[in-house]
Amino acid sequence: MALRLLFESEYVTIFYDYSNEWLYVDWQKEQNQASVQTGCERMLECLRQEQCHKVLNDNRQVDSMWSDASEWVGKVWLPAMAEVGLQYFAWVYSPNLYSRLSTDLTLQHAPAVGPIAFTFDSIDTASAWLKQM
């Protein structure tokens with residue numbers, strides 16, 4: 001992977017993956033509404049800047065529930081990402097049950113039209129799917 005660091009904080013690191021032409025977003029630690037919204041806003045800026053259409057969203061290191069942000073992510077942020085060009089969103093689940101539930105809740109809030117978002121238990125499976133899109 002040829003990665004260029006675009007943004008880094010205590011909670012999320014965003015890279016542009018040149019070899020795959022997508023954003024790779026690595027979320028870490030405990031998340032809450034503020035950290036999720038800040039990270040998502042940065043991701044929106046990076047997607048606009050790089051003009052790519054795919055995101056590999058890695059939640060494997062998230063160890064908390066963040067469902068207080070799920071409605072905003074599904075109803076506001078995902079449509080905003082679609083407006084700047086997002087087409088495919090591969091979301092790798094956290095092994096933490098509460099984080100997984102937050103992810104599922106977010107996707108229930110997402111509009112029927114918009115980016116195609118799928119969840120995966122494995123980063124390899126998520127990458128393989130995204131490469132085919």
**Within region 115-124, tally of residues that are assigned to a loop (DSSP other than H, G, I, E, B) and surrounded by 17 or more Cβ atoms within 10 Å (Cβ to Cβ)** = 1
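Please verify whether region 30-39 includes one or more residues that are touching a Ser or Thr at 6+ places or on another chain (Cβ under 6 Å) and either buried (at least 21 other Cβ atoms within 10 Å of the Cβ) or among the small types (Gly, Ala, Ser) (or both). Can you show your working first?
Let us first name the residues in region 30-39 that are touching a Ser or Thr at 6+ places or on another chain (Cβ under 6 Å), namely 30-31.
Pick out the ones that are also either buried (at least 21 other Cβ atoms within 10 Å of the Cβ) or among the small types (Gly, Ala, Ser) (or both) and you get 31.
For region 30-39, residues touching a Ser or Thr at 6+ places or on another chain (Cβ under 6 Å) and either buried (at least 21 other Cβ atoms within 10 Å of the Cβ) or among the small types (Gly, Ala, Ser) (or both): present.
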**Request:** Return a yes/no flag: does region 100-109 have any residue that is within 12 Å of the chain's Cα centre (by Cα) and among the hydrophobic types (A, V, I, L, M, F, W, C).
**Result:** yes
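In this structure, does Gln108 turn out to be in contact with a Gly (Cβ under 9 Å, 6 or more places away or on another chain), crowded, with 19+ Cβ neighbours inside 10 Å, over 24 Å from Gln132 (Cα atoms) and not aliphatic (A, V, I, L, M)?
no
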**Message:** Conditions first: (1) in contact with a Lys or Arg (Cβ under 8 Å, 6 or more places away or on another chain); (2) crowded, with 19+ Cβ neighbours inside 10 Å; (3) of a type in the set (A, V, I, L, M). Val84 passes all but one, so which condition is the exception?
**Reply:** (2)
**Prompt:** Given the structure, is Trp22 within 20 Å of Leu101 (Cα to Cα) and of a type outside the set (S, T, N, Q)?
**Reply:** no
**Request:** Being under 12 Å from the mean Cα position of the chain (by Cα) and surrounded by fewer than 22 Cβ atoms within 10 Å (Cβ to Cβ) is the filter; apply it to region 58-76 and report the residue that is nearest to Ser19 (Cα to Cα).
**Result:** Arg60
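Quick note: the coordinates plus some simple rules give every number you see, no bench work behind them. In this text the structure is predicted, and so the values were computed from the model without any measurement. A quick note on method: Cβ atoms are made from the backbone with ideal geometry, for glycine too, and the neighbour counts reach across all protein chains shown.
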